[in-house]
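Visitor: Once you've had a glance at the structure underneath, I'll fire off some questions.
Quick note: the coordinates plus some simple rules give every number you see, no bench work behind them. Just so we're clear, the structure is a prediction, and the values are computed from it rather than from any experiment. No Cβ is skipped: glycine too gets one built from the backbone with ideal geometry, and neighbour counts run over all protein chains shown.
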Amino acid sequence: MHPLTLHRLDLGTDAEPAAALTRVDPRKALLTATDLSATRGDGIFETVVVVDGVPQALEPHLDRFERSAAMLDLPAPRRELWRGAVLAAAEELRRHTPRGAVKFVLSRGDEANTASATGWALGFAPDTRAGDGAPELDVVLLDRGYRHDVAQTSPWLLQGAKTLSYAVNMAALREARRRGAHDVIFTSIDGFVLEGPHSTVVARVDGVYVTPPTDLGLLPGTTQADVFAALTGWGEAVATRRVDVAELRDADAVWLCSSTRGAAPVRSLDGAAVVVDAEVTASLNEALDARKA
């Protein structure tokens, strides 16, 4: 990540978005040592890819941001303020890079002053998805340690919220690297496919493009939704349903979909080769890059 622009949001004002934003040096300190985002990971975030100054799928990201805030009992985000912060960062990114991203974050605030939430929007150039297109990935399956119905049986585990508590996800990625792989697909203890640490799974099974449902405690995939929209427009069959591990291993092709990488094809799964459909991958990423909002 190469930080390029940073805006602090004044969450305690009803001012217009432009007046509630303060541009700060992205390489300077922003938080106090007692901010709950740093001390407890108590907050939420979203990352929006920006192509030629245009934030992609911004409204679905804001929808998910509001949903995560509600799940964590955080103050309801003032949508126009957060939209304004992303647009301001995106406009600055346009001057630096044709392809960047904006991460926007809501923290519960300072432990010493819990009435005051903290918010910021960081514009950066991602290390992933270089000009050569989405990377081909070697992926391992890792057991998440929960049944597929954990979101219903244990809602306090916050499955399906995009929180700042990413220690488990980062540990999973380190385990993947120890096994000589790039990324991870989580599975449930009862054998269902879930999601990646920062991606949504799409597999082509018997000619149908499938993705697991969010009621398995998964994040709603904004990029996956746009992938399905493109596929549907081309006349392809899509389905949102439970996918078991055996189906994934036998799939015609597999992708991990995320904002910064787009639709990244899986070339191996636990060391077994997976066919990469380069033509479909290129078409999907062209469609993603062509989005206007």
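Visitor: When you go through (1) surrounded by fewer than 21 Cβ atoms within 10 Å (Cβ to Cβ); (2) touching a Pro at 6+ places or on another chain (Cβ under 7 Å); (3) not in a loop (DSSP other than H, G, I, E, B) one by one for residue 38, which number turns out not to apply?
Guide: Here residue 38 meets the rest and fails (2).
Visitor: Select from the stretch 3-35 the residues that are of a type in the set (Gly, Ala, Ser) and in a loop (DSSP other than H, G, I, E, B) and write down the one among them that is farthest from residue 80 (Cα to Cα).
Guide: Residues of the stretch 3-35 of a type in the set (Gly, Ala, Ser): 12, 15, 18-20, 29, 33.
Right, trim to in a loop (DSSP other than H, G, I, E, B) and you get 12, 15, 29, 33.
Values: 12: 14, 15: 11, 29: 26, 33: 29 Å.
Per the stated criteria, the residue is 33.
Visitor: Return the residues of the stretch 238-262 that are assigned to a loop (DSSP other than H, G, I, E, B) and touching a helix residue (DSSP H, G or I) at 6+ places or on another chain (Cβ under 8 Å); say none if nothing qualifies.
Guide: Our first condition is that a residue be assigned to a loop (DSSP other than H, G, I, E, B); within the stretch 238-262, this holds for 241-243, 250-252, 259-261.
Listed by number, the residues that qualify are 242, 259.
Visitor: Restricting to the stretch 102-126, what's the tally of residues that are in a loop (DSSP other than H, G, I, E, B) and over 23 Å from residue 57 (Cα atoms)? It would help to see each step written out before you state the result.
Guide: Of the residues in the stretch 102-126, the ones in a loop (DSSP other than H, G, I, E, B) are 108-109, 111-112, 114-117, 126.
Next, only the ones that are over 23 Å from residue 57 (Cα atoms) stay: 108-109, 111-112, 114-117.
Total meeting the criteria: 8.
Visitor: If you don't mind, there's one more thing I want to ask. For residue 153, are the conditions met, namely being of a type in the set (Ser, Thr, Tyr) and over 17 Å from the mean Cα position of the chain (by Cα)? Quick ask: steps written out before the conclusion?
Guide: On the way: of a type in the set (Ser, Thr, Tyr): yes; over 17 Å from the mean Cα position of the chain (by Cα): yes.
Taking the combined requirement at face value, the residue satisfies it.
Visitor: Let me ask something else. Please find, among 229, 263, 225, the residue that is under 21 Å from the mean Cα position of the chain (by Cα) and surrounded by 20 or more Cβ atoms within 10 Å (Cβ to Cβ). Full working, then the answer.
Guide: Details: 229 fails: surrounded by 20 or more Cβ atoms within 10 Å (Cβ to Cβ); 225 fails: surrounded by 20 or more Cβ atoms within 10 Å (Cβ to Cβ).
Checking each option against the conditions leaves just 263.
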